[in-house]
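The values are calculated or read from the model by the stated rules, or taken from the named source; none is laboratory data. No experiment lies behind these values; they were computed from the predicted model shown. Neighbour counts are summed over all protein chains in view; Cβ atoms, including those assigned to glycine, are modelled from backbone coordinates with ideal geometry.
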Amino acid sequence: MAERLAAGAGKKVLIVDKRNHIGGNAYDHFDEAGILVHKYGPHIFHTNSRDVFNYLSRFTAWRPYQHRVRAWVDGQLLPIPINLDTVNRLYGLNLTSFQVDEFFRSVAEPRSPIRTSEDVIVSKVGRELYEKFFRNYTRKQWDLDPSELDAAVTARVPVRINRDDRYFTDTYQAMPLHGYTRMFERMLTHPNIKIMLNTDYREIERVIPYEEMIYTGPIDEFFDFRFGRLPYRSLEFQFVTYERAVYQDAPVVNYPNENPYTRCTEFKYLTGQDHPKTSVVYEYPRAEGDPYYPVPRPENAAMYREYEALAKLAPSVHFSGRLATYKYYNMDQVVAQSLTLYKRLADARPRPIAQSA
Ligand code: UDP
């Protein structure tokens, strides 16, 4: 939004961030060993939107990267999303795509309507695979049973009858060649953009006059929790550097049934960095801490709608992003949301402020 408003609409922009760095949760940096890591957990860019990809391409070159994940289940590292190889290796079979499709149909439990995250998986692959791959991971991640979460949560992970073991199938899959932070720095070079770090916007909003605000924090906090607290899920990150070039067999290993952490990500797979050591991050789900995930379930959506109605009454404040719109959005969806918001604002005021003043 800052880049568009400054470069596109000639606005003067002040970015205010509580943290001591830009880039929000997509921030990356070189750790003590000199390895590029994602401070707030793995961020993997993928999109089907040519507009989003082209927009970001103005600020970064890319490293083609197709993400792959393995799940540690019954003593084996198996492909997740569940595919033909997952089933064959788990059960020691040699099924064809046709046969695995038959197998899924034979164990699937029809559900209608498909309302919850349990329904999605059980209706595709049956109870046993659901329990091995999804039930406990979801309970650990969300502290809720899949039956208490919207279908959209586990529907993020498909089921395949072929051997495709990519986590995503989007048209554009790539990582910013020099990292996310570098990309954001290049977005913010416009002379109209100033940056104020280590600052809560509430510390300065009465001191620094502004016409409009783009708010990307939690929407319930903005309105002083007047309708109650929206639940957000947090994570604690444990970073470890190992004195060897490679640590694990896949970029990400999920641990649905063992360990207090959900997954382990080895960054060099993502970044392609060449280094004699390697750094990984383990993710421990938490109820308290920085908000990372909205919790998609009907009662939370209902509370969000109350805040959203209030937000509509504050026409000079525009809410964008995961926390401010309480949507479990991926990075590309947030970029699309912001480009759409910018277009709406620009269309509402066709003349750049610099010319109209
Ligand atoms: N999930 C699961 N087992 C897995 C992978 C995912 O149960 O091995 C479920 C879990 O509820 C998770 C959701 O699917 O929160 C979405 O997974 P995704 O990998 O998209 O999560 P994110 O990367 O956004 O944390």
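At-a-glance table
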quantity	calculated
Filter result for residue 246 (under 23 Å from residue 22 (Cα atoms), away from the ligand (no atom under 16 Å from the Cβ) and in a loop (DSSP other than H, G, I, E, B))	no
Residue within segment 71-81 that is among the small types (Gly, Ala, Ser) and in contact with a strand residue (DSSP E or B) (Cβ under 8 Å, 6 or more places away or on another chain) present	yes
Pairs, first among the polar types (S, T, N, Q) in segment 175-198, second assigned to a loop (DSSP other than H, G, I, E, B), C-beta under 6 Å, six or more apart	181/23; 181/27; 192/12; 198/20
Test for residue 239: is it more than 16 Å from the ligand (Cβ to nearest atom), of a type in the set (Phe, Trp, Tyr), over 16 Å from residue 15 (Cβ atoms) and loosely packed, with under 14 Cβ neighbours inside 10 Å	no
Subset of segment 118-175 (residues that are outside any helix (DSSP H, G or I), among the hydrophobic types (A, V, I, L, M, F, W, C) and under 22 Å from residue 26 (Cα atoms))	157, 168, 174, 175
Hits in segment 142-174 - residues which are within 11 Å of the ligand (Cβ to nearest atom) and among the basic types (Lys, Arg)	156
Residue match in segment 247-257 (condition: over 30 Å from residue 302 (Cβ atoms), surrounded by fewer than 16 Cβ atoms within 10 Å (Cβ to Cβ) and not polar (S, T, N, Q))	yes
Considering residues of segment 99-136 that are among the β-branched types (Val, Ile, Thr) and farther than 18 Å from residue 81 by Cα only, the residue farthest from the ligand (Cβ to nearest atom)	114
Test for residue 139: is it surrounded by fewer than 19 Cβ atoms within 10 Å (Cβ to Cβ), near the ligand (Cβ under 10 Å from one of its atoms) and modelled with pLDDT of 95 or more	yes
Candidate set from segment 265-316 (those that are among the small types (Gly, Ala, Ser) and not in a loop (DSSP other than H, G, I, E, B)); member that is farthest from the ligand (Cβ to nearest atom)	309
Residue that is farthest from residue 136 (Cα to Cα) [pool: residues in segment 56-104 that are touching a residue at least 60 places away in the same chain (Cβ under 8 Å) and β-branched (Val, Ile, Thr)]	60
Residue, surrounded by the most Cβ atoms within 10 Å (Cβ to Cβ), within segment 67-98, restricted to residues that are within 15 Å of the ligand (Cβ to nearest atom) and part of a loop (DSSP other than H, G, I, E, B)	82
Criterion (exposed (fewer than 13 other Cβ atoms within 10 Å of the Cβ) and closer than 30 Å to residue 192 by Cβ) met by exactly one of 305, 344, 322	344
Candidates 105, 111 - the one that is at negative phi and either assigned to a helix (DSSP H, G or I) or crowded, with 17+ Cβ neighbours inside 10 Å (or both)	105
